[in-house]
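The values are calculated or read from the model by the stated rules, or taken from the named source; none is laboratory data. These numbers were taken from a predicted model, which means no experiment stands behind them. In this analysis, Cβ positions are derived from the backbone assuming ideal geometry, glycine residues included, and neighbour counts consider all displayed protein chains. SASA here: full protein model, heavy atoms, side chains in, ligands and nucleic acids out. Shrake-Rupley method; radii C 1.70, N 1.55, O 1.52, S 1.80 Å.
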Amino acid sequence: MSELTFEQMLEESLKTIHTGEVIEGTIIDVKPDEAILNIGYKSDGILTRNEYTNEPNVDLTTLLNPGDKMEVKVLKVNDGEGQVLLTYKRLAADRGNRRIEEAFNNREVLTAKVTQVLDGGLSVVVDEVRIFIPASLVSDMYEKDLNKYAGQDIEFVISEYNPKRRRYIGDRKQLIVAKKAEMQKELFARISVGDVVEGTVKNVTDFGAFIDLGGVDGLLHISEMSWGRVENPKKVFKVGETLKVLIKDIDGTKVALSLKFDDSNPWKNASTKYAVGNEVTGKVARMTDFGAFVELEPGIDALLHVSQIAREHIEKPSDVLSVGQEVTAKVVDFNEEGRKISLSIKALLVPEAKEAPAAQTKEDDSDVVSVDIDAVIAKQEAEDAE
């Protein structure tokens, strides 16, 4: 029996490897674009950057260290130069496929960082498996710009798993919808009409603002923004602003909000401040052909009828008044229930000698007219209709 040579003994002591086999190796050298592993074979294994990760331009020296052990998959036993080519990312992808399959079957919520923002959605990587989240499944509302998600960790579920076509689809929308439904349920369980709650301005339109109450968007209509007049909500509120709002009404899942708090209601003490006979000052807020509306304070407008502006005949208020002009007048009628006030400048212009005796009734006073605002407006509307 012939004795084995040293080379033969060494070769027999080394293991045999096959393409596709998973083996463990020890890193003996690392360069920015490749790592060399001792795999117990007659040749060392080469792990290139492209076979380590899908991430572009990664410096392997920042991720791998000599002496570290790692599992790799044999990609090719002999690359033509006697070297063994190894892959880590394909091994990770194989394991990732199993991981994604389990998550798909169990409806597991996954978390991953957005690695790419594409025209039609987002791309994330889980265990070296790329998952695509279409724009329609990113949120429960239209997202004009997806770039804000770049580099962010997001949660999603796998809605489609097709390894043969390498088609893996993620869905973030259903998680948001489910979360909002739960928050909505909790919110309606603890709020009621009359409560004051905190919310965040989500959107502002010409007719009002939508306030996020935490699961439900309440509407703050322009008419409920102030006791006074608000011309343009966009000049008053900003998206992201925090507000304390009053819950005015709840109808199913619709919530009506208000900023008209009772303690700031200008009509609370109006009966004293604007009692008939009081002299008041305000600014002309708007005008019609039949009269001018004078703002006495935010939330309280009074009608100055055209017949009560001066002693002489005036065709229309704009002939002698202008919006923003300050006027002083006398309160000639106060209707607290209807929240209506009538004014008269004419009453202040009547000479003392012509004033009616104290015993004279209101009906005998031919100079001062108490105007029925509703009747005046109704008459004007009827004439316009003709």
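Only one of these conditions is not met by Ile169: (1) loosely packed, with under 11 Cβ neighbours inside 10 Å; (2) over 17 Å from the mean Cα position of the chain (by Cα). Which number is it?
With (1) loosely packed, with under 11 Cβ neighbours inside 10 Å; (2) over 17 Å from the mean Cα position of the chain (by Cα) applied to Ile169, the lone miss is (1).
Tally up the residues in the stretch 34-77 that are out of contact with any strand residue (DSSP E or B) (no Cβ under 8 Å at 6 or more places or on another chain) and within 22 Å of Asp94 (Cα to Cα), please.
Summing the residues that are out of contact with any strand residue (DSSP E or B) (no Cβ under 8 Å at 6 or more places or on another chain) and within 22 Å of Asp94 (Cα to Cα) in the stretch 34-77 gives 5.
Does the stretch 269-285 hold any residues that are open to solvent by 90 Å² or more (accessible area, probe 1.4 Å) and within 45 Å of the chain's Cα centre (by Cα), and which are they?
Those that are open to solvent by 90 Å² or more (accessible area, probe 1.4 Å) and within 45 Å of the chain's Cα centre (by Cα): Asn269, Thr272, Lys273, Lys283.
What pairs can you find where one residue is in the stretch 16-33 and over 21 Å from Arg95 (Cα atoms), the other is part of a strand (DSSP E or B) and open to solvent by 60 Å² or more (accessible area, probe 1.4 Å), and their Cβ atoms are less than 6 Å apart, with a gap of 6+ or different chains?
Between residues of the stretch 16-33 that are over 21 Å from Arg95 (Cα atoms) and residues that are part of a strand (DSSP E or B) and open to solvent by 60 Å² or more (accessible area, probe 1.4 Å), the close pairs are Ile28/Asn38.
Which one of these does Tyr168 not meet: (1) among the hydroxyl-bearing types (Ser, Thr, Tyr); (2) touching a Gly at 6+ places or on another chain (Cβ under 7 Å); (3) within 30 Å of Glu101 (Cβ to Cβ)?
Checking Tyr168 against (1) among the hydroxyl-bearing types (Ser, Thr, Tyr); (2) touching a Gly at 6+ places or on another chain (Cβ under 7 Å); (3) within 30 Å of Glu101 (Cβ to Cβ), the one that fails is (2).
Could you tell me whether Val204 is β-branched (Val, Ile, Thr) and farther than 21 Å from Arg99 by Cβ?
Answer is yes for this residue.
I need the full set of residues from the stretch 119-131 which are open to solvent by less than 70 Å² (accessible area, probe 1.4 Å) and either free of Cβ contacts under 8 Å to residues at least 60 places away in the same chain or within 17 Å of Gln174 (Cβ to Cβ) (or both), in order please.
Answer for the stretch 119-131, where residues must be open to solvent by less than 70 Å² (accessible area, probe 1.4 Å) and either free of Cβ contacts under 8 Å to residues at least 60 places away in the same chain or within 17 Å of Gln174 (Cβ to Cβ) (or both): Gly120, Gly121, Leu122, Ser123, Val124, Val126, Val129, Ile131.
Which residue pairs have Cβ atoms closer than 6 Å, lie 6 or more positions apart in sequence or on different chains, and pair a first residue in the stretch 322-337 that is within 11 Å of Val276 (Cβ to Cβ) with a second residue that is open to solvent by 60 Å² or more (accessible area, probe 1.4 Å) and assigned to a strand (DSSP E or B)?
If the second residue must be open to solvent by 60 Å² or more (accessible area, probe 1.4 Å) and assigned to a strand (DSSP E or B), the pairs left are Lys330/Glu279.
Within the group Glu224, Glu241, which residue is over 19 Å from Gln184 (Cβ atoms), open to solvent by less than 50 Å² (accessible area, probe 1.4 Å), out of contact with any helix residue (DSSP H, G or I) (no Cβ under 7 Å at 6 or more places or on another chain) and among the acidic types (Asp, Glu)?
Unique residue meeting the criteria: Glu224.
Residue-by-condition table, conditions (1) among the aromatic types (Phe, Trp, Tyr); (2) open to solvent by 60 Å² or more (accessible area, probe 1.4 Å); (3) in contact with a Ser or Thr (Cβ under 9 Å, 6 or more places away or on another chain); (4) under 20 Å from Tyr168 (Cβ atoms):
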| position | (1), (2), (3), (4) |
| --- | --- |
| Asn65 | no, yes, no, no |
| Gly82 | no, no, yes, no |
| Thr87 | no, no, yes, yes |
| Arg90 | no, yes, no, yes |
| Arg95 | no, yes, no, yes |
| Ile100 | no, no, no, yes |
| Ala103 | no, no, no, yes |
| Asn106 | no, yes, no, yes |
| Leu110 | no, no, no, yes |
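From Leu303, Leu259, Leu296, grab the single residue that is at negative phi, among the aliphatic types (A, V, I, L, M) and open to solvent by 30 Å² or more (accessible area, probe 1.4 Å).
Unique residue meeting the criteria: Leu259.
Select from the stretch 211-235 the residues that are free of Cβ contacts under 8 Å to residues at least 24 places away in the same chain and part of a loop (DSSP other than H, G, I, E, B) and write down the one among them that is nearest to Asp263 (Cα to Cα).
Val230
Name, by its number, the condition in (1) open to solvent by less than 50 Å² (accessible area, probe 1.4 Å); (2) at pLDDT below 90; (3) among the aliphatic types (A, V, I, L, M) that does not hold for Leu343.
Unmet for Leu343, out of (1) open to solvent by less than 50 Å² (accessible area, probe 1.4 Å); (2) at pLDDT below 90; (3) among the aliphatic types (A, V, I, L, M): (2).
Report, by residue number, each residue of the stretch 144-195 that is in contact (Cβ under 8 Å) with a residue 40 or more places away in the chain and over 29 Å from Asp119 (Cα atoms).
Result: Gln184, Phe188, Ile191, Ser192, Val193, Gly194, Asp195.
Could you identify the single residue in Lys273, Lys268, Lys238, Lys254 that is touching a strand residue (DSSP E or B) at 6+ places or on another chain (Cβ under 7 Å) and of a type in the set (D, E, K, R)?
Going through Lys273, Lys268, Lys238, Lys254 in turn, just one is touching a strand residue (DSSP E or B) at 6+ places or on another chain (Cβ under 7 Å) and of a type in the set (D, E, K, R): Lys238.
Looking only at strands (runs of 3 or more DSSP E) that lie completely in the stretch 105-210, which have at least 2 residues being closer than 30 Å to Lys248 by Cβ and out of contact with any helix residue (DSSP H, G or I) (no Cβ under 9 Å at 6 or more places or on another chain)?
Filter on the stretch 105-210 gives 196-204.
Are any residues in the stretch 172-195 more than 20 Å from the chain's Cα centre (by Cα), loosely packed, with under 12 Cβ neighbours inside 10 Å and not charged (D, E, K, R), and if so, which ones?
Ala189, Ser192, Val193, Gly194
May I ask you to list the residues in the stretch 229-238 that are surrounded by 14 or more Cβ atoms within 10 Å (Cβ to Cβ) and out of contact with any helix residue (DSSP H, G or I) (no Cβ under 6 Å at 6 or more places or on another chain)?
Matches in the stretch 229-238: Arg229, Val236, Phe237.
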